[in-house]
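Read through the structure below, which is laid out as structure tokens, and then see the notes.
The values are calculated or read from the model by the stated rules, or taken from the named source; none is laboratory data. For clarity, every value in this text was computed on a predicted model and none was experimentally measured. Note: ideal-geometry Cβ built from the backbone for every residue, glycine included; neighbour counts use all protein chains shown.
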Amino acid sequence: MQNKNRPIAIWLLTGCLLIFLMVAIGGMTRLTHSGLSMVEWNMFIGSTPPGSEVEWEELFDKYKQYPEYKLVNFNIDLEEFKSIYFWEYSHRLFGRMIGLVFIIPFLWFWIKGKIGKSLMPKLLLILSMGAFQGFLGWYMVKSGLVKEPDVSHYRLAAHLITAFITFAYTFWVALDLLDVKKLQRANYPINRYLKVLLLLVIVQIVWGAYVAGLNAGKIYNSWPKMGEDWVADSVVAMKPLWINFVEGMAGVQFIHRYLAYAVVALILFIFYKGKRSELIMGQTASLNILLSAVILQFVLGVFTLIHAVPIGLGLLHQLGAFLLLGSVVFAMHKFKLPTVASST
């Protein structure tokens, strides 16, 4: 059976790959502390990098007017500024390129009448999510250009999780388009467990962003205990109690540590349930991928923590979260409940 939606699916999968690369560049931007090096950005013009030393000096002078230079980087020279500028410039320019990769093919498919009525709202939602992601990026950076030379960890989490969710939904739509036969799948309880897992992984990614935003991976660099204790005293040092778990470095790290155990435990349970069931059409493979992804991510998390978040491990751990989320979505699609075939 010929799949008329295959070109659209390939376009969406290309977008998924670009989002992955965008997250990688964003991770390097954050880990190299480059995110506040560009103090202005025009959405439609000004995308070319500085072409002369005079232009570089002008940008450097603008950077000197903001808190990060005054309080943190007051001793850097022009060459060091160029280095941090490179990552933030690349991040923003790559985001603009992703926008074009999504919008131009969308318009072409639309003009050619390739987009069915049921598919159009899904694609418009993806485009809207991408635009919102760009807005959140600007909103996040803005928080670090006022008084403190750090972006809000809440805004960082919003920016990151929106990228992950945009990827997850785009990946899901692409998988639907490639599922030509619309195979009827058995109504496994695993489907419900996977939905709980998706929510848990999303929450874990949010707390991972909190850890990154607060530099909470720089403390208690031991495992499995937090120093000498399973629960460090500083985890509950702030009042009211709940504030420790969203704004306290130790409390945020504590949540991220123990949510990781919960994610691993739930995946092991799902894997066990799957092995005791009669699986069909790639379901076994999806559970194997899921188990492999969580083991890899857990090991990366441990090594990232005990080495106090070096750039390489920090980046791999962030990308590991991306792959874990993708494996959850893939498994959910393989175990999704029977649906009535519809034209997309």
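Does Lys117 satisfy the criteria of being charged (D, E, K, R), assigned by TED's automatic domain parsing to the domain that holds Val151 and either surrounded by fewer than 16 Cβ atoms within 10 Å (Cβ to Cβ) or over 29 Å from the mean Cα position of the chain (by Cα) (or both)?
Working: charged (D, E, K, R): yes; assigned by TED's automatic domain parsing to the domain that holds Val151: yes; either surrounded by fewer than 16 Cβ atoms within 10 Å (Cβ to Cβ) or over 29 Å from the mean Cα position of the chain (by Cα) (or both): yes.
Criteria met by Lys117.
Of everything in the stretch 132-150, what is under 17 Å from the mean Cα position of the chain (by Cα) and either at pLDDT below 90 or within 20 Å of Asn3 (Cβ to Cβ) (or both)? Give them in sequence order. Please lay out each step first, then the result.
Step one: of the stretch 132-150, the residues under 17 Å from the mean Cα position of the chain (by Cα) are 132-141.
Across the stretch 132-150, the qualifying residues are Gln133, Gly134, Phe135, Leu136, Gly137, Trp138, Tyr139, Met140, Val141.
Can you pull out every residue in the stretch 253-274 that is without any contact (Cβ under 8 Å) to a residue 12 or more places away in the chain and either touching a Phe, Trp or Tyr at 6+ places or on another chain (Cβ under 6 Å) or small (Gly, Ala, Ser) (or both)? Before you say what the answer is, go through the steps one by one.
Going residue by residue through the stretch 253-274, those that are without any contact (Cβ under 8 Å) to a residue 12 or more places away in the chain are 258, 261, 265, 272.
Residue satisfying the conditions is Ala265 alone.
Looking at the stretch 277-316 only, could you name the residues that are without any contact (Cβ under 8 Å) to a residue 60 or more places away in the chain, within 20 Å of Val206 (Cβ to Cβ) and not aliphatic (A, V, I, L, M)?
Answer for the stretch 277-316, where residues must be without any contact (Cβ under 8 Å) to a residue 60 or more places away in the chain, within 20 Å of Val206 (Cβ to Cβ) and not aliphatic (A, V, I, L, M): Gln297, Phe298, Gly301.
Give me the pairs, please: first residue somewhere in the stretch 239-252 and within 13 Å of Lys218 (Cα to Cα), second residue anywhere and charged (D, E, K, R) and assigned to a helix (DSSP H, G or I), beta-carbon distance under 9 Å, and either six or more positions apart or on two chains.
Met249/Lys218; Ala250/Asp233
Suppose the filter is in a helix (DSSP H, G or I), free of Cβ contacts under 8 Å to residues at least 60 places away in the same chain and in contact with a helix residue (DSSP H, G or I) (Cβ under 8 Å, 6 or more places away or on another chain); does Gly95 pass it? Spell out how you get there, then give the answer.
Numbers: in a helix (DSSP H, G or I): yes; free of Cβ contacts under 8 Å to residues at least 60 places away in the same chain: no; in contact with a helix residue (DSSP H, G or I) (Cβ under 8 Å, 6 or more places away or on another chain): yes.
For Gly95, the condition - in a helix (DSSP H, G or I), free of Cβ contacts under 8 Å to residues at least 60 places away in the same chain and in contact with a helix residue (DSSP H, G or I) (Cβ under 8 Å, 6 or more places away or on another chain) - is not met.
State all residues of the stretch 124-141 that are without any contact (Cβ under 8 Å) to a residue 60 or more places away in the chain and more than 15 Å from His159 (Cα to Cα); if no residue qualifies, say none.
Listed by number, the residues that qualify are Leu124, Leu125, Leu127.
Here is a yes/no grid of residues against (1) in contact (Cβ under 8 Å) with a residue 12 or more places away in the chain; (2) over 17 Å from Val151 (Cα atoms); (3) more than 26 Å from the chain's Cα centre (by Cα):
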| position | (1), (2), (3) |
| --- | --- |
| Leu17 | no, yes, no |
| Phe20 | yes, yes, no |
| Leu31 | yes, no, no |
| Gly35 | yes, no, no |
| Pro50 | no, yes, yes |
| Phe60 | yes, yes, yes |
| Ile76 | no, yes, yes |
